[in-house]
């Protein structure tokens, strides 16, 4: 199905941000699958408070025998299922409205209990690590532990970085305090900061927010984009020292945890769980750095087509093909995506259709106090819910929905085929499934049109997707590497030093002919992912793997290997999992292939627009 170019009114196109209660029920997610009511959540929390201390009966006995270890792990699993569901519900409720005191109280109750639970359970991992190698090998051969074999091997990898029982207890007690900077950032940027109102290119006054900012940046009128940019960043400038302190404390916490657990660096600590060597991270940065010329060429093309005297960052999101400015309703967007995903088969598409259009997996539109951006989130045996802030006039939101649907279906397949202990796939793999869907969407849209202008628009969309996912996220990854190295070297991590470092990256990645507004230096203070350091590089590696996998599916007409990848969940480490699907991410080749595609698309777009 191609985009519809009409201009209908809908819930997603209002000029002001509605309160939660003003949304249509069918436009919100249905959390009854988790708990029918908040009272049921309260009861479950009380039940967990009573039951979790039972795990302590295994203290000092974990390595007693294979049977005892199995019994301990099964009780851990039983309690973990309850914990995952409780935390999932609390998180989703806070995400839908973080200004609601009941939601904040619920999440605080859960976090407080988790501190006590973590303290009570802190003996398990050290005791597994203390089992002798010979005994551990014998345990792995015991049939009772067969369902736990993969999980135990992964756990055992952390032996050099697991502390004594008492030290683990202290780290568990301090976990909440060490992550407080993230809560400060979230509350400040999503609730306390107010960006005022702004007239759009139709003269309508609209509220400027974290979510609506993107809508203003795709307006045709360059003055609207400029005013939105400066008004938005003026609020960040007013809070820049608080935000810089929060970022610095996030970095300090990362370094503290890494040193406490005997890692050489915070980056090594972050990569260790996925068994990803630093060379993969460094290959990404060096490969992208060596191929910035096509990116600069694209900015020059954008400047020329938009007839700008100088190009600014706020000019990089508006579609450069005016005809393709669309209004696509949520249901229509879902059908477009489902059509594009037909190569994945009937089961994939029918499950996704039911989830998006009938079972209310998705919380669709922006409301006051709602978390900005988008995500997919699940707990074992429950729907993989999607949070969106869908805007009908932002074509990129269709891609965002396809992206999050990829996460959700990855989760669905993993839950259907793996046990609880093996279904959790790492982010490194998650970003493959999500961007794979975007690649199929682009392919379908290009296949369905011969119109030069629309084709140019779709090409521009893919170019911007690679730009945002590979080039931009790699710049972010390089920034994270720099600021953590500063802290580890004993250098000050302050507003001045982090913005100076970021300014250097902006100059390199945007090129010499790009006008960098001083306010753009503050962008490094508003990126939520910087509070989960060494995460963003996985967007770039994920898209590169997705490009390769999508070509395999489209060319072979067979999605079996890809669906096998989805079903595998977290049963193996990421690099072997991708290798089994046909992609070797230990080499620069997938990154090079993706950037070569970017360069070809820029050339094709130049030809179409000439």
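Every number in this text was worked out from the coordinates using simple rules, so none of it is lab data. Being a predicted model, the structure only gives us computed values, none of them experimental. A quick note on method: Cβ atoms are made from the backbone with ideal geometry, for glycine too, and the neighbour counts reach across all protein chains shown.
Points to keep in mind about this one:
- Simple spin-label estimate for residue 176 and residue 449 in nanometres, 7 Å along Cα-Cβ: 5.1
- Cα-based convex hull, the chain, per residue volume (Å³, whole number): 146
- Cα-based Rg / Dmax (Å) for the stretch 164-215: 19.8, 64
- Under 19 Å from a label point set 7 Å out along the Cα-to-Cβ vector of residue 419, the amide N atoms of the stretch 114-128 belong to 124-125, 128.
- Residues in the stretch 360-402 that a label on residue 25 would reach, taking backbone N under 14 Å of a point 7 Å out along Cα→Cβ: 360
- Rg [Å, one decimal], Dmax [Å, integer] - the stretch 22-178, C-alpha atoms: 18.5, 62
- Stretched out straight at 0.36 nm per residue, the stretch from residue 157 to residue 609 would grow longer than its current Cα-Cα span by 157.3 nm.
- Contour excess over end-to-end distance, with Cα ends at residue 74 and residue 331 and 0.36 nm allotted per residue: 88.3 nm
- Sites residue 65 and residue 16 - FRET efficiency at Förster radius 60 Å, r taken between beta-carbons, to 0.05: 0.40
- The stretch 541-590 - Debye-derived log10 I(q)/I(0), Cα point model, q = 0.16, 0.22, 0.28, 0.30 Å⁻¹: -0.41, -0.77, -1.16, -1.26
- Residue-averaged [θ]222 nm for the chain, counting only DSSP H segments that reach four residues, each worth -39500 (n - 2.57): -19000 deg cm²/dmol
- Cβ crowding within 10 Å ranks 91, 212 as 91, 212, fewest other Cβ atoms first.
- Directionally averaged projected area (convex hull, Cα atoms, the stretch 453-506), nm²: 4.2
- From least to most packed, judged by other beta carbons within 10 angstrom and beginning with the fewest, 371, 467, 204, 259 follow the order 204, 259, 467, 371.
- Antiparallel bridges, percent of DSSP beta bridges restricted to the chain (to nearest 5): 75
- Computed as a quarter of the hull surface, the mean projected area of the alpha carbon convex hull for the stretch 176-257 stands at 6.1 nm².
- Distance (nanometres) between label positions extended 7 Å along Cα→Cβ at residue 587 and residue 529: 2.6
- Angle of helix 472-488 to the longest C-alpha principal axis of the chain, folded into 0 to 90 degrees and rounded to 10: 50°.
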